1. Among the chymotrypsin sites (Phe, Trp or Tyr not before Pro) in region 1-35, which ones are in a DSSP loop with at most 11 other Cβ atoms within 10 Å of the Cβ? Mind listing them?
2. What GluC sites (Glu not before Pro) in region 68-147 are in a loop by DSSP, with at most 11 other Cβ atoms within 10 Å of the Cβ?
3. Given the rule -39500 (n - 2.57) for each run of at least 4 DSSP H residues, summed and divided by the residues of the chain, what is its mean residue ellipticity at 222 nm, to the nearest 500 deg cm²/dmol?
4. Can you give the extra length, in nm with one decimal, that the chain gains between residue 36 and residue 73 once fully stretched, where that is 0.36 nm per residue apart less the Cα-Cα distance?
5. How far is it, in nm, from the label point at residue 129 to the one at residue 107 when both lie 7 Å from their Cα along the line to the Cβ?
6. So for the pair residue 44, residue 147, with labels modelled 7 Å out along Cα→Cβ, what separation do we get in nm?
7. Only counting other Cβ atoms within 10 Å, I'd like 65, 112 sorted with the fewest neighbours first.
8. Taking the chain as a Gaussian network, Cα atoms linked when under 10 Å apart, which of 90, 124, 114 shows the biggest mean-square fluctuation?
Amino acid sequence: YVIGLAYLFSYNLLQFCGHTWTFANMSARFLSFGGDALAGTFYFVGVMMCGCQLLSILELFHIADGLEESRLLPRFVQVMQRNFLLFLIISQEEFQSQTVVCVLFYLWNMLDLIRYPYKLLRLISTPTFNMLWVRHTFFIPVYILYFY
């Protein structure tokens, strides 16, 4: 039990750090270069996004093995959809410089910057009411933007 808890804590912390790095670098580039930064987003943060998204496949095993309490099907759809889109972007160089890639990465990171601290708090204590509210409310407008 302790090893599983330490593993999940390390995994969630690593994911949080990866998404924080990606979000911070995308924001810094946007603030420094303005709209010109949008086209180069994939070249600057693509490797980290790929790493984080590939690692997210492990979450399916966490759920299947009972390490995490979550529903497998919705998480499976989300992980596979993100990985499919990401590797579609990687394989098509003309997509990599599109503004939609930057927007997509921002939306993914905003969701994950809430998801992973929530999971970390759930492992070590009970999340606060505000954290629960943000976790279960914020994704609604972000998903609407995501599919728009």
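Taken together, the values in this text are just the output of simple stated rules run on the coordinates, not laboratory data. In this text the structure is predicted, and so the values were computed from the model without any measurement. As a convention, Cβ positions derive from the backbone with ideal geometry for all residues, glycine included, and neighbour counts pool all protein chains shown.
1. Values: sites: 1, 7, 9, 11, 16, 21, 23, 30, 33; in loops: 1.
Within region 1-35, the qualifying chymotrypsin sites (Phe, Trp or Tyr not before Pro) (loop, at most 11 other Cβ atoms within 10 Å) are 1.
2. Working: sites: 68, 69, 93, 94; in loops: 68, 69.
Answer by residue number: 69.
3. Result for the chain, helices only: -27500 deg cm²/dmol.
4. On the way: separation 37, 0.36 × 37 = 13.32 nm, distance 3.83 nm.
So the chain would gain 9.5 nm between residue 36 and residue 73.
5. Computed distance between label sites residue 129 and residue 107 equals 3.2 nm.
6. Calculated label separation equals 3.1 nm.
7. Values: 65 9, 112 21.
Least crowded to most crowded, the residues run 65, 112.
8. Sorting by GNM fluctuation, first place goes to 124.
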